[in-house]
Amino acid sequence: MRQSQLFTKARREAPADEVSKNAQLLVRAGYVHKEMAGVYSYLPLGLRVLTKIENIIRNAMDAIGGQEIRMATLHPSENWKATGGWDAVDVLFKLQSRTEKEYALGQSEEEIVTPITAEFVQSYKELPVAIYQIGQKYRDELRAKSGIMRGREFGMKDMYSFHETQEDFERFYEIVKQAYLTAYTEAGLTAKVTEASGGAFSEKLSYEFMVLTDAGEDDIVYCEHCTHCANIEVAKEKEGDVCSKCSKGNLKAARASEVGNVFDLGQKYPKAFSFTFKDKEGKDQHPIVGCYGFGTTRLMGVIVEKLSDEKGLVWPEAVAPFAYHLVSLGHDGDEVSKAADALYSDLVKAGVEVLYDDRDLRAGEKFAESDLLGVPKRIVVGKEAVTTGEFEVVDRATGVMVKQSRETLLG
């Protein structure tokens, strides 16, 4: 993409009404546009990042047998009343149509996915089944804050699995857990599996996936010697205690941000919708249900909070909007501009994702904006590149510069 054709522009200053680092940088760099508190539109660069995050978790869920669907976000009130959620869920957006019918905006999908699955699953032979979607969620937060990390409208991957037995759910949970940890690593972060209360979703113990960051809203304790980690709200341990899991390490306290969760929903939702299947003896049983959330827009915000620096955004390669930011230092069709045009054309033909700054601006302006945008590698085309045939390639995260030939850049 030629930057001269990109309709969005970077800002010199952060918006005055944003206090979180992720919102300040994403708005400044032209990745998102704030509509109101807790609601953002994703612009071309931001959508490219979000789509890559979605594809990471999509591939992970497909690999373990998840089947993707697209569920409605406008829900009939009857479904929520059947489960008790209509009155019990305080963040539920409720709407009334001109026909006086009541609806809810989906803040989760149990009330939709359970009746869908019940229509197609009648026997134990058809279990387990795992169904997921990637889409928008709506929650009537009293205090939307932390930029895109806590909003009234946000993106999420949520999967629901249905099982014949509790043991089979626990088997599948371990598979999902490893898939989640791998997905977070691919996105450039390290997540900890944290014990927590089930909250409004389940009375049972749930698991949250936490990334350590001062911008987080949760307090956790964790062991550096093993994988034990717990949310302080439910933990029986405190900072400095010997780890109850390995008995070797001492617990440390930290702030963290939740980027995913797993709930054991038991049989609550199948019972609410009279969903049964025939077991091996031909008896009617309610399936065990698991719920697996993965915050796509929140993860984008956490990446910004965790990895950005004083110059701007720093995207991991797997989620960056482009692999290279090609910066031309030429003017008005001179030899430098022609060399940059030629390299851009070759990179595009080679299938390389590249943002080409072909604008007629001063070098300092281009470099500052390049740092703000956070593309992993910057290729600089100046007079030296024309004479030597080698290009300066700067790593955004480390600042290390190397010189590479056209052949090396094209792979």
Is it fair to say Gly374 is at pLDDT 95 or above, on the phi > 0 side of the Ramachandran plot, among the small types (Gly, Ala, Ser) and not assigned by TED's automatic domain parsing to the domain that holds Asn22?
yes
Can you confirm whether segment 175-194 contains a residue that is in a strand (DSSP E or B), under 12 Å from Val262 (Cα atoms) and β-branched (Val, Ile, Thr)?
yes
Test each condition in (1) among the charged types (D, E, K, R); (2) surrounded by fewer than 22 Cβ atoms within 10 Å (Cβ to Cβ); (3) in contact with a helix residue (DSSP H, G or I) (Cβ under 6 Å, 6 or more places away or on another chain) for Arg139 and report the one that comes out false.
(3)
Give me a count of the residues in segment 361-411 that are β-branched (Val, Ile, Thr), in a helix (DSSP H, G or I) and in contact with an Asp or Glu (Cβ under 7 Å, 6 or more places away or on another chain).
1
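Given the options Asp346, Asp332, name the one that is acidic (Asp, Glu) and either free of Cβ contacts under 8 Å to residues at least 40 places away in the same chain or crowded, with 22+ Cβ neighbours inside 10 Å (or both). Before you say what the answer is, go through the steps one by one.
On the way: Asp346 fails: either free of Cβ contacts under 8 Å to residues at least 40 places away in the same chain or crowded, with 22+ Cβ neighbours inside 10 Å (or both).
Just a single option satisfies the conditions, and that option is Asp332.
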I'd like to check something: does segment 300-308 contain any residue that is modelled with pLDDT of 95 or more and over 21 Å from Ala256 (Cβ atoms)?
no
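Which of the residues spanning segment 190-249 are polar (S, T, N, Q), free of Cβ contacts under 8 Å to residues at least 24 places away in the same chain and under 26 Å from Gly147 (Cα atoms)? Walk me through how you get there before you give the answer.
First, the residues of segment 190-249 that are polar (S, T, N, Q): 190, 194, 197, 202, 206, 213, 227, 231, 244, 247.
Filter once more, keeping what is free of Cβ contacts under 8 Å to residues at least 24 places away in the same chain: 190, 244, 247.
Thr190 - this is the single residue of segment 190-249 that is polar (S, T, N, Q), free of Cβ contacts under 8 Å to residues at least 24 places away in the same chain and under 26 Å from Gly147 (Cα atoms).
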Verdict on Cys246 being out of contact with any Asp or Glu (no Cβ under 6 Å at 6 or more places or on another chain), crowded, with 17+ Cβ neighbours inside 10 Å and either of a type in the set (Val, Ile, Thr) or more than 27 Å from Arg11 (Cβ to Cβ) (or both):
no
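Quick check on segment 176-194. Is at least one of its residues hydroxyl-bearing (Ser, Thr, Tyr), buried (at least 18 other Cβ atoms within 10 Å of the Cβ) and within 29 Å of Trp86 (Cβ to Cβ)? Reasoning before the result, please.
Taking segment 176-194 as the starting set, the residues that turn out to be hydroxyl-bearing (Ser, Thr, Tyr) are 180, 182, 184-185, 190, 194.
Next, from what is left, pick out any that are buried (at least 18 other Cβ atoms within 10 Å of the Cβ): 180, 184, 194.
Checking which are within 29 Å of Trp86 (Cβ to Cβ) leaves us with none.
Within segment 176-194, none of the residues are hydroxyl-bearing (Ser, Thr, Tyr), buried (at least 18 other Cβ atoms within 10 Å of the Cβ) and within 29 Å of Trp86 (Cβ to Cβ).
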Hey, any hits in segment 122-130 for a residue that's buried (at least 20 other Cβ atoms within 10 Å of the Cβ) and of a type in the set (Val, Ile, Thr)?
no
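The values are calculated or read from the model by the stated rules, or taken from the named source; none is laboratory data. Everything quoted here is computed from the prediction, not taken from an experiment. Here Cβ is always computed from backbone atoms with ideal geometry, including for glycine, and neighbour counts include all displayed protein chains.
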